Every structure is written in structure tokens, then in C-alpha cells.
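Quick note: the coordinates plus some simple rules give every number you see, no bench work behind them. Note that the structure is a prediction, hence the values are computed from the model and not measured. Every residue, glycine among them, receives a Cβ derived from its backbone with ideal geometry; neighbour counts consider all protein chains shown.
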Amino acid sequence: MQLSAPKLASLKFKYNIARLKQGFLLASLTICSISQQMVLAQPTSDMPLPAVLRNHKPSNRARVVLALGGGGTRGCAHIGVLRVLEREGIPIDGIVGTSIGAIVGGLYAAGVKVDEIQHRMLNRSLLKAYQTVPIPVRIAMVPIFFVPRLLGHHPLDGLYKGNRFRNYLNNAVPESDREIETLPIPFVAVASNLLDAKPYSITKGNLGLAIQASSAIPVLRRPVEMNGLLLVDGGLQANLPAKQAKELGADIVIAVNVDEVFSTVSEKQFHRIGSVGKRVINMILAKVDEDQVPAADIVIHPVVNNINLISSKTKDARYAIEQGEAAATAALPAIRERLEKIAKLKLAGQVKDTDLVKDSAPVNITAPLKDANQSCDTDQAKNAD
């Protein structure tokens with residue numbers, strides 16, 4: 001039976017409408033599917049951060065690596081930072097340290113408790129191991145050191161060998177954790193190689209020897225021969241080792257900067273002997289760290305001004321620890337926000353390279369105590385020593 005032309009046209013029109021509806025339906029389903037994926041990719045899930053950290057594998061959350069900077073006694077602030085992060089359940093998947101950062105970070109990576117590290121700092125046992133003889137006495141003995149040279153023996157330059165310090169560090173950790181490769185927390189000590197004038201990351205070998213090299217302050221301590229290199233304090237080239245922390249596979253680099261926080265001072269400050277040198281050294285360290293800061297996601301900067309790099313005062317160490325706790329506490333909201341953002345993106349399968357979601361500039365947290373501007377060299381707390 002043949003259909004008339006008007007009826008045929010009507011059927012074709014209805015058929016096209018049906019196909020058009022199917023097309024709209026298919027498009028709607030596709031859009032919904034994409035929208036659901038987009039929603040999953042947003043770091044706004046209802047799952048709280050503690051649940052994300054507790055219920056999922058490390059591969060499904062952000063990998064956190066600490067970069068602990070050098071700064072002598074000011075680096076006691078690292079103890080306070082570690083105490084806060086541990087107390088708040090912030091994961092630590094790796095530690096990279098330079099000089100005092102390597103000392104504190106290496107001990108912690110080997111399983112030494114925060115309170116034990118603090119005890120060793122405050123009772124001066126660690127300092128005494130580092131400086132076996134007071135510096136003035138050692139300097140007075142310098143002429144004696146020239147006798148072997150007159151007889152043809154030419155040891156490496158420096159006031160202290162550092163071997164006693166290495167043994168002290170090794171004895172402070174379990175015997176099973178004296179090799180970097182076996183530490184409970186991955187650890188890297190950063191030193192400077194005198195032979196090629198480049199920073200060197202120590203990723204294997206004896207823990208005490210690695211820390212000895214990373215903290216071998218030139219002139220004060222002799223260089224350390226290791227792996228065919230001649231190593232001294234890493235602060236010369238990578239005082240705040242954020243780049244090295246990133247190389248350890250970090251999704252989030254939390255850098256702890258113990259450089260002086262500069263302000264304009266009076267000319268009268270520089271009439272004391274040693275005042276110019278102290279200021280210049282702090283300026284150099286801050287300049288060295290400028291190149292490292294962009295590699296960090298969060299920079300915790302305790303205010304530890306007026307603490308000498310090689311201060312032996314217990315009150316200075318205690319003050320730095322308190323400042324580390326204050327600054328780390330202030331940084332917690334930024335750390336949690338970053339952890340949650342990356343964890344939820346990973347759970348949604350929406351991010352593989354966390355550099356793609358890195359903020360353009362690191363979050364810099366400086367949170368001084370109320371008396372932060374007060375000099376640590378005053379007579380206050382005289383009896384603390």
C-alpha cells in the first residue's frame with residue numbers, strides 16, 4: 001500500500017523528532033557523566049581529612065617530605081616543628097636535612113623520639129660531642145697543630161676531626177638503624193663537595209658519617225672523605241634543601257627555614273666585635289635559601305633572631321624549640337588544606353603529577369611568640385644555663 005505524499009512527510013517528521021529526542025537524551029547522559037567526574041575532581045568531598053589519612057594507602061594521599069634547614073642552634077626549632085606535626089597526625093614520608101637539620105632529622109628518621117632529641121640538646125651532650133674542646137681552647141692550641149706539618153704530615157684543614165660526634169650519633173640510634181638505607185623514614189643528608197663545588201645528597205651509607213659531613217662547618221670542622229668526595233657543611237649551597245626534598249618524591253614539601261628574619265637595625269649595632277661578621281653570615285644564608293624556597297609548598301619560618309649559630313646556651317635552644325612549635329601550629333591549617341586537596345584529587349583519579357596543582361608561590365608561615373623580638377642575649381633567665 002502506498003502512502004500519500006502528506007502522510008509520508010508526516011511520518012518522516014515524527015521519525016526525525018524521535019531521533020532528535022534520542023540525541024538530546026544521549027547528550028544529557030554524557031554531560032551528567034562528565035559533571036560527576038568533574039565533581040569528583042574537586043577537593044570538597046565530605047570525607048574528613050583524618051579519615052582520608054587513616055583509611056587509604058599512602059599512594060592515595062599526598063606524600064609529605066620535610067626539608068629541614070641549617071642554622072646552628074637556631075635549628076632546635078626543628079624539634080618543636082616535629083613535635084607539632086607528630087601530635088597532629090601529619091604524615092612524614094621523608095626527611096631531607098642540612099647541617100643541624102640533618103642532625104635533628106637524621107635522629108628522628110632513625111626512630112629517636114622527639115623528647116629524647118630535645119633532652120640531648122638541652123643537656124648539652126650533643127653539643128659537647130660536636131665540640132669536644134671549647135672553641136677558645138682549641139684556637140689557643142692551633143700553634144701545636146703546626147708541629148706535624150713541620151714534620152711533613154699535612155692533615156685536612158679544620159679545628160675538629162668530628163669522629164667523636166659521628167660515634168655519638170651512631171650510639172644514639174638502634175644498631176639496626178645506622179645505615180641510611182634501613183631507616184624507618186627515608187632520609188637524605190645534604191653536604192657540599194669541595195672538589196667540584198656542588199651540593200651532594202647523601203642517600204646511603206653510615207648515618208653518623210653522613211650527618212658528620214652535612215654539619216662539618218668549614219674551618220671549625222675538618223672536611224669528611226666519603227665516596228671519593230670531600231664534604232663539608234651543606235649550608236654553603238643548599239641550606240634549605242627544598243629541591244632535594246622534591247627529588248625524594250614529595251607531593252608536598254614542608255620546608256623549615258631557621259634563617260634570621262631581617263629588619264632594619266641601627267648603625268650602633270655594629271660597633272661590637274663580631275657583629276658585622278654575624279650579620280653578613282646571616283645575609284649569605286638567606287640569599288642562598290632564596291633559590292630553594294620556590295620548590296617548597298609550605299615554608300615554616302620560626303622567628304629565632306638573636307640566637308648565635310653556635311650558641312651553647314640552654315635558654316637559646318629552649319627558646320628555638322618553643323618558636324618552632326608556635327610556627328608549626330600556625331601552619332597547620334595550610335598543611336591540612338594542602339593534604340586534603342591532593343588526597344581527594346588522588347582518590348578521584350584526577351591527578352598524577354602533583355606539580356600540576358602546586359600553588360604558584362609557597363605558603364610562608366612566620367608566627368613569633370609574644371617576646372620574639374626580645375634578645376636572647378639578655379640577662380633574662382640567667383639560671384636556665
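Residues of segment 166-189 falling in the label zone of GLU116, defined by backbone nitrogen less than 18 Å from a point 7 Å along Cα to beta-carbon, are 166-187.
3J(HN,Hα) along segment 222-227: 6, x, 10, 7, 7, 6 Hz, from the Karplus curve 6.51 cos²θ - 1.76 cosθ + 1.60 with θ = phi - 60°, whole Hz, x for Gly and Pro.
A simple spin-label model places the labels of ARG164 and SER176 3.2 nm from each other, with each point 7 Å out along Cα-to-Cβ. Whole-Hz Karplus values for segment 179-184 come out as 10, 4, 5, 9, 5, x Hz, taken residue by residue from phi with 6.51 cos²θ - 1.76 cosθ + 1.60 and θ = phi - 60°; glycine and proline positions read x. A full extension of the chain between GLU86 and ASN364 corresponds to an added length of 98.1 nm, given 0.36 nm per residue minus the alpha carbon distance.
Just subtract the alpha-carbon distance of LYS198 and ILE310 from 0.36 nm times their residue separation and send over the number in nm, one decimal.
Separation in residues times 0.36 nm, less the Cα-Cα distance, equals 37.9 nm.
Listed cross-link partners LYS246/LYS313; LYS161/LYS198; LYS113/LYS161; LYS246/LYS315; LYS268/LYS313; LYS243/LYS346 are compared with a 31 Å cut-off, the Cα-Cα value being larger for LYS246/LYS313; LYS246/LYS315.
May I ask you to compute the full-extension gain from GLU225 to GLU247, defined as 0.36 nm times their residue separation minus their alpha-carbon distance, rounded to one decimal in nm?
Values: separation 22, 0.36 × 22 = 7.92 nm, distance 2.43 nm.
Full extension of this stretch gives 5.5 nm more.
If you take the Cα centroid of segment 216-243 and the Cα centroid of segment 295-325, the two points sit 21 Å apart.
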